[in-house]
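To keep things clear, I will list the structure first and then write my remarks on it.
The values are calculated or read from the model by the stated rules, or taken from the named source; none is laboratory data. These figures come from a predicted structure and were not determined experimentally. Counting neighbours? That spans all protein chains shown, and the Cβs are built from the backbone with ideal geometry, glycine included. When the accessible area is computed, the model is the full protein with side chains, heavy atoms only, and any ligands, DNA or RNA have been set aside. Shrake-Rupley method; radii C 1.70, N 1.55, O 1.52, S 1.80 Å.
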Amino acid sequence: MSSILGCCINEGQGAFIPRRLISDNVIITYEDLHSLQMKKKGKKGNFALKLHMSKAYDRIEWDFLAEGFSTLINEAKQNGLMKGATIRRERFAINHLFFADDCILFGDASIEGENVVREIIKEYEEISGQRVNFEKSLIYFRANVVANVKDTITNILGVRLTSNPEKYLGLPMMVGRRKNWAFANFLDWFRRRIAGWSLRYLSMGGKEVFVKSVLQSTPVYVMQCFTLPKILCRKLEGIMNKFWWSSNKSNKGIHWSNWDALCKPKSVGGLAKIASYPSFTWRSICSARDLIAKEILWRIGNVYCVNIWNNPWLPRIEKNLVSVRHISSNWTTVNQLIEEDTNTWNRELILNIVDAEQENRILSIPLTDSRSKDMLVWKYEGSAEYSVRSGYWVLVIDYLIL
């Protein structure tokens with residue numbers, strides 16, 4: 001169905017279609033509401049109406065997908081009936097934002113504007129079979145709208161007036177000076193998510209997977225749209241830290257290492273050691289890691305970050321490190337052995353620093369003008385990718401030699 005969804009779903013709908021990001025709707029909504037909040041002068045006012053659908057997916061009819069709520073609103077806009085809320089010094093006007101069943105309408109804060117919105121909703125309900133729950137729907141007005149107009153429109157629509165709209169797509173619709181307060185719900189949700197797992201008996205390996213795959217990725221959605229306060233980030237780190245060190249029987253535990261040390265990449269320490277009392281699976285994984293680290297070499301591309309003397313980069317199975325009696329400090333990286341103008345090996349220079357056998361191995365390495373980077377490869381497979389089969393035979397051969 002992916003090939004026809006773009007034809008069925010209106011361009012105003014933010015969900016279901018590739019390249020329509022949920023973060024776009026959040027950012028646009030926030031900018032619109034920020035504009036409503038900041039404009040305190042002028043005769044024209046606007047409102048934002050967050051609709052609450054009653055059992056949206058239970059009531060929807062398939063035939064309505066071809067028409068859509070957007071069609072009704074766009075028709076009103078084209079006829080000049082619904083102008084929407086203007087932003088950026090009235091250069092742009094937005095009248096609706098949809099993501100699945102999360103709907104926000106922007107209209108004129110007047111009796112005429114309210115009537116247009118009400119007629120659109122009524123027609124939408126008749127066509128689609130859906131119903132709007134006005135008691136749970138919220139309306140927010142631009143700062144320059146007077147109190148009696150607010151009361152009149154709110155009473156006619158039968159919705160709730162709010163000065164601080166609720167969340168939209170899981171994120172706060174308005175963030176003022178009290179940023180920590182605005183994200184307090186997210187912090188509580190983060191704690192609850194951990195609480196559900198803390199009661200389960202997870203090994204340290206299981207905790208590591210949960211921290212990396214779930215907890216550390218959870219704030220990414222929020223951070224697509226907002227820069228989280230440092231205090232909030234420290235609280236999130238504290239929650240993860242406590243979860244990591246706590247025992248299965250209680251919430252307390254001794255913090256044997258600081259959080260900065262735990263967050264280091266494995267290449268510089270991190271959580272890469274076998275540690276005490278490891279499980280057999282974790283010990284097996286670590287043994288395979290040692291095997292891979294021993295039997296990989298650098299494939300030369302066009303970045304040339306490979307060290308001539310310290311990195312394994314000579315082709316063939318054995319002796320991948322350059323072996324010389326005296327290391328010349330004048331040359332350190334592989335790109336210095338290549339003629340820049342012709343993109344060919346500097347044969348004379350190579351012969352001066354290595355023997356004839358190593359020279360032939362270096363000259364056999366093809367150089368390309370493509371943008372492939374230097375990369376680590378597994379030398380026992382033609383595909384350069386590690387496989388369990390080839391790793392097994394390497395271990396067998398090593399065992400037979402011993």
For His96, the residues 5 or more places away or on another chain with a placed amide H closer than 5 Å to its own amide H are Phe106
In the structure shown, of Lys50/Lys179; Lys264/Lys379; Lys50/Lys235; Lys212/Lys235; Lys242/Lys264; Lys50/Lys122, the pairs separated by more than 24 angstrom at the C-alpha atoms are Lys264/Lys379; Lys50/Lys235
If amide H atoms are modeled at 1.01 Å from N in the peptide plane, then the residues at a separation of 5 or more from Ile338, or on another chain, having amide H under 5 Å from its own are Asn346
Under 5 Å from the placed amide H of Gly45, counting only residues 5+ away or on other chains, we find Ala109
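Rounded to the nearest 0.05, what FRET efficiency do Arg160 and Ile4 give with R0 = 51 Å and r taken as the Cβ-Cβ distance? Could you check?
According to the calculation, E is roughly 0.85.
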Checked segment 200-249 with the C-alpha gyration tensor, a ≥ b ≥ c its square-rooted eigenvalues, rounded below a/c of 1.5, otherwise prolate if a/b is larger than b/c and oblate if not; verdict oblate
With all protein chains in place and a 1.4 Å probe, Tyr380 shows an accessible area in Å² (nearest 10) of 80
